[in-house]
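Undergrad: Sharing a structure, written as structure tokens. Questions coming.
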Amino acid sequence: MAAAPFLGAILAGFLPTRARNAAAGLSWTVALAGLVCAILLYPAVADGGIVRYELNWLPSLGLNIVLRLDGLAWLFSMLVLGIGVLVILYARYYMAATDPVPRFFSFLLAFMGAMLGVVISGNIIQLVVFWELTSLFSFLLIGYWHHSTAAREGARMALTVTATGGLCLLVGMVLLGQIAGSFDLDVVLASGDLIKSSPLYLPALLLVLAGALTKSAQFPFHFWLPRAMSAPTPVSAYLHSATMVKAGVFLLILLWPVLAGTPAWYMIVGTAGMATLLVGAYSAIFQHDLKGLLAYSTISHLGLIMVLLGLGTPLALVAAIFHTVNHATFKASLFMAAGIIDHETGTRDLRRLSGLYRFMPITATLATVAAGAMAGVPLLNGFLSKEMFLAEALENSGGSYLSYALPVMATVASAFSVLYSLRFIHQTFFGPAPVGLDRTPHEPPRWMRFPIELLVLACVVIGVIPGITIGPYLATAVHAVLGDQTPYYSLKVWHGFNPPLLMSLMALVGGVVLYLRFRQVINTNPRGGPKVFSRFNGGLMFDAVMTSARHGARRLETIFGAVRLQAQLRALVVVAIVAAVLAVGGRRMIPAEAGAAFGQIDPGFALLWLIGCACAVGAAWQAKYHRLAAVILMGAAGLVSCLTFVWLSAPDLAVTQLLVEIVTTVLLLLGLRWLPKRLDFLPPSSANRAQSRRRRRLDLMIATAAGAGVALTAFAVMTIPRDLTSISTFFIEHSYEQGGGRNIVNVLLVDFRAFDTFGEITVLGIVGLTIFALLRRFRPAPDSLPQPDQQVRQNANDDLRDNHSPGTTLSDAMLIPRVVMNGLFPVILVLSTHLFLRGHDLPGGGFAAGVALSIAFILLYMGSGARWVEDRLRVRPLSWVGIGLLLACLTGAGSWLFGYPFLTSYFQYVDLPVVGRLPMATAVLFDLGVVVLVLGATLLILIALAHQSLRRPRLSKGTQPPPAPVIEEAP
């Protein structure tokens, strides 16, 4: 159930762009399957049970993947999956066939999976991960129509606000885990008294509330929700009724036993909720856009739920959970109705809509019932939960300024709710026939209307017989939170004439009177809201903050930035030196007895390093005058490092260093071909020459200080006496016993520290993709456009060979190198296979094999050219990067099938015919993923460089490329 939406999202992403029916069918099937699974799991949680499934991830740190389903999580899962099924069906008819609909459903399923992960997470850090994923996928959904400026800005605002709150939530969850001594949700929930008595309670509370209030669009963070209405209507119906904005509500309900009941909780949650309730309701009255009205009404109802949670009483919690369910049903149906109106009329402007009842009577009736539930009309579900809200407001009226004003503000907000609900219905469906619409209104397709019908039916049935329809499920959710402290409550429709009923009637009558009195004023208000709110517009404040941040960044860039890379590197190195000096202070790093270590240095080893240092200094010196010489000297310095590893008996490192030096040196040499000629930035005056000399002396001093500091640190680490036990002993003793290999270095990389290796190859893949993306847009400088003589001869020889012209002979200039390079290809393939297969017991391994295999392709490209190679071989480095990463990930996930932590390897001897007894370890599959990814990432860079010669350079207007040199034909 948890993984199905993500798998469905991946499959939907591979569907053709116009495969609307296939994408909708796949998404609907995935959501329905999850819904069925949730329904089947209800008996397991009905009596207070908890369904729990745990996958080992990092058990030593208390970080495991835990899926936990109790009554509360089950109820929210039903909302996520049930309304998701209806929204997907609705979206099939709402989305145009010309849109890239598979991409839409892919994002929607991924968001569904992320929200489901929030609900059923049994680890609070895991919950935060899914929490941030909801922000990411909502960003993609809100910005789905990325050609719209409003969609891009709304998506950026939603991501910035909610993701920032998510970072606060992460810190808060870490504090809760530190107080409770575990990140397991069950342990945290059982540590309520410990957490409330801790001095870290208030910081943890503030950080958790920052995450919850931003996600649920509470004042003063409510401004992002109306901007998100630029998303397609199915997105609005899903995100803002049952999922995205309910995440904060779910979190506070979940942590209610741990965090609620304190004055700080009451003041912060109650005040924010009441402000949101009033501001959202008042703003909704003046909205002319149907979705804007519903957006602000959503903010108001979320504020109502927050007020209930802030009261901190068990009955208020019951009312909060009940209204969360009711709000999801009537708000999703209203959003879908607004989408139908927009879909069939071409507008959502209330000032242009009128009399639609005669054109779409069924839709009008459904929308009227749903709006009645939102307004709290009796015999509808919204009335029941609002009456519970008013009852709790009366019950808690006393003790503080907020409590005394609570009943009055609750009644006023309910009256506003009636007002904007009545305006929504009356202005849209009644009155004269509309004039000047883009389309002739009519009823939507049958199945597009079906989700609204089902949700409105739920509003009516729950409102009439709540005890039978929602009662058992509400009780299950409440008991999961409160346990034995669950209070008595009644879901009867009629409780007699009492103060809450009187307050409800006052709100209904007051809302109708206000609408009749101010209808004309509201409809003619050009601002779409009261003037006072324009001065305290959160959206404008957000834009002002972002603009100030950009200006500040540009200011800092102007002060500290530099056009040349050398100046930026100089600043980075100087800062590092200063930080190191401050860290060391006046302490002595090298003990007096460490000087004896110099007498133990072998003269041959010292000579070797003198050569390496000379090469490094020469490379730095020649970098200004002769790039080719600098690259060669750098390669020589790398070769000295390789020989050092051999000297110190580290053959694995030596092999890897040698192969990496070959690849990087060749790629750098290929890149030199496209760099512009070295030009002096300053005129050759005496003053400028003196300034250049001073700058070079300064660079020499900085480089010497940095190098000496690194060398001193390394020497201190190796010579200072320490009482610490070396961890190498553990790996020496257990590499074969637990990892199945005698090559300790490789076993360490693919078994004991495989998670680190997984992160490193991920970074390598990202680097390869980044370089490829940068070089795709790179165009060489005009002075590097003429082809070198050797390349011109090679291209001419290629043409002669391909044409097979009689009487022509190939030049020997490139024939022999080409033959040698092509002949080395299978030889290096065998070498790479050899390094890979022996790597678990002898020097070698996946990384060395991947780099060696890259050398084979580099020789092939250099000898025969990009066109010749790609005409004969299917070189797909992007796919190889993805396959390598996926193979490594699946190898690690396979250990879960046997109850072991992620990336735990298995070792066993296997008897094969003819071959005999061979050691086999699952880590070899992980190593194979490393091979494929290293090859793909290296070839991405190689192909990006090789294709430069196949592209037409970008020249400024009126500029002609320099002529190619004339090459005389060989006699």
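Laboratory data are not the source of any read-out in this text; all were calculated from the coordinates shown. Because the structure is a prediction, the values reported are computed rather than measured. Positions of Cβ are backbone-derived with ideal geometry, glycine not excepted, and every protein chain shown enters the neighbour counts.
Undergrad: How would you classify the stretch 63-153 from its alpha-carbon gyration tensor, with a ≥ b ≥ c the square roots of the eigenvalues: rounded for a/c under 1.5, else prolate if a/b is greater than b/c, otherwise oblate?
TA: oblate
Undergrad: Which whole-Hz couplings ³J(HN,Hα) result when phi for each residue of the stretch 893-909 is put into the Karplus expression 6.51 cos²θ - 1.76 cosθ + 1.60, θ = phi - 60°, listed in order with x for Gly and Pro?
TA: 5, x, 5, 5, 4, 10, x, 10, x, 4, 6, 7, 8, 10, 10, 7, 7
Undergrad: Relative to the longest principal axis of the C-alpha atoms of the chain, give the angle of the C-alpha long axis of helix 686-719, reported between 0 and 90° and rounded to the nearest 10°.
TA: Approximately 80 degrees, to the nearest 10.
Undergrad: Within a Cβ distance under 15 Å of R92, other residues only, what is the Lys/Arg minus Asp/Glu net charge?
TA: +4
Undergrad: If one takes the longest principal axis of the Cα atoms in the chain, at what angle in degrees, from 0 to 90 and to the nearest 10, does the Cα axis of helix 4-13 lie?
TA: 60
Undergrad: ³J(HN,Hα) across the stretch 389-395 via Karplus (A = 6.51, B = -1.76, C = 1.60, θ = phi - 60°), whole Hz, x for Gly/Pro?
TA: Along the stretch 389-395, the couplings run 5, 5, 5, 5, 5, 5, 5 Hz.
Undergrad: In debye, nearest 20: dipole of the chain around its Cα centre with unit charges on the Cβ of K, R (+) and D, E (-)?
TA: 3440
Undergrad: Any idea what the alpha-carbon Rg over 2.2 N^0.38 Å comes to for the stretch 258-338?
TA: Working it through for the stretch 258-338, the quotient is 1.18.
Undergrad: Now for a separate question. Put a dot 7 Å past each Cα toward the Cβ at M267 and Q566; how far apart are the dots in nm?
TA: 6.0
Undergrad: Using a 10 Å cut-off around each Cβ, can you sort T729, T891 from fewest to most neighbouring Cβ atoms?
TA: T729, T891
Undergrad: May I ask you to compute the full-extension gain from R753 to V129, defined as 0.36 nm times their residue separation minus their alpha-carbon distance, rounded to one decimal in nm?
TA: 222.4 nm
Undergrad: When the chain is fully extended, how far beyond the present Cα-Cα distance does L502 get from L878, taking 0.36 nm per residue of separation?
TA: Extra length from L502 to L878 when fully extended: 128.6 nm.
Undergrad: Follow-up question, since we're still on this one. At what distance in nm do the modelled label points of E760 and V910 sit from each other, each positioned 7 Å from its Cα along Cα→Cβ?
TA: 2.6
Undergrad: Nearest 10 degrees, 0 to 90: what angle lies between the long axis of helix 789-803 and the longest principal axis of the chain (Cα atoms)?
TA: Approximately 80 degrees, to the nearest ten.
Undergrad: Please name whichever of A23, N56, I83 sits farthest to the positive end of the charge dipole of the stretch 15-116, dipole taken about the Cα centre and charges placed at Cβ: Lys and Arg +1, Asp and Glu -1.
TA: Highest projection toward the positive end goes to A23.
Undergrad: To the nearest 500 deg cm²/dmol, what mean residue ellipticity at 222 nm is calculated for the chain from DSSP H runs of n ≥ 4 alone, each contributing -39,500 (n - 2.57), summed and divided by the residues?
TA: -23000 deg cm²/dmol
Undergrad: Follow-up question, since we're still on this one. At a threshold of 8 angstrom on Cα-Cα distance, excluding pairs fewer than six apart, so keeping six or more, what relative contact order does the chain reach in percent?
TA: 9
Undergrad: Averaged over all directions, how much area does the convex hull of the C-alpha atoms of the stretch 164-273 cover when projected, in nm²?
TA: 6.9
Undergrad: What percent does the relative contact order of the stretch 601-649 come to when contacts are Cα pairs within less than 8 Å and at least six residues apart?
TA: Taking the mean separation of contacting Cα pairs over the length of the stretch 601-649, I get 40 percent.
Undergrad: Continuing with this model, one more query. With a Förster radius of 60 Å, plug the Cβ-Cβ distance of R52 and W447 into 1/(1 + (r/R0)^6) and report the FRET value to the nearest 0.05.
TA: Working from the Cβ atoms, E equals 0.95.
Undergrad: Determine the shape class of the stretch 359-494: with a ≥ b ≥ c the square roots of the Cα gyration tensor eigenvalues, call it rounded for a/c under 1.5, and otherwise prolate if a/b is greater than b/c, oblate otherwise.
TA: oblate
Undergrad: With unit charges on the beta carbons (Lys and Arg positive, Asp and Glu negative) and the dipole taken about the Cα centre of the chain, which residue among G467, T324, F847 sits farthest to the positive side?
TA: T324
Undergrad: Net charge around G561, counting only other residues with Cβ within less than 13 Å of its Cβ (Lys, Arg = +1; Asp, Glu = -1)?
TA: +3
Undergrad: Give me the extension gain from F14 to S649: residue separation times 0.36 nm, minus the current Cα-Cα distance, reported in nm with one decimal.
TA: Between F14 and S649, full extension yields 223.7 nm more.
Undergrad: For D484 and F605, FRET efficiency with R0 = 56 Å and r from the beta-carbon atoms, rounded to 0.05?
TA: Rounded to the nearest 0.05, the efficiency is 0.15.
Undergrad: In the neighborhood of A754, defined by Cβ-to-Cβ distances under 13 Å, what is the net charge if each Lys or Arg adds +1 and each Asp or Glu adds -1?
TA: Computed value for this residue: -3.
Undergrad: In what sequence do D652, D751, D927 fall when counting other Cβ within 10 Å, fewest first?
TA: D652, D751, D927
Undergrad: According to the Kirkwood expression over distinct Cα-Cα pairs, how big is the hydrodynamic radius of the chain, in Å?
TA: 33.2
Undergrad: Run the quick spin-label model on A623 and R673: label points 7 Å from Cα toward the beta carbon, then report their separation in nm to one decimal.
TA: Going from the A623 label point to the R673 one covers 2.4 nm.
Undergrad: Let me ask something else. Could you state the number of Å between the C-alpha centres of the stretch 701-718 and the stretch 828-887?
TA: After rounding, the separation between the Cα centres reads 37 Å.
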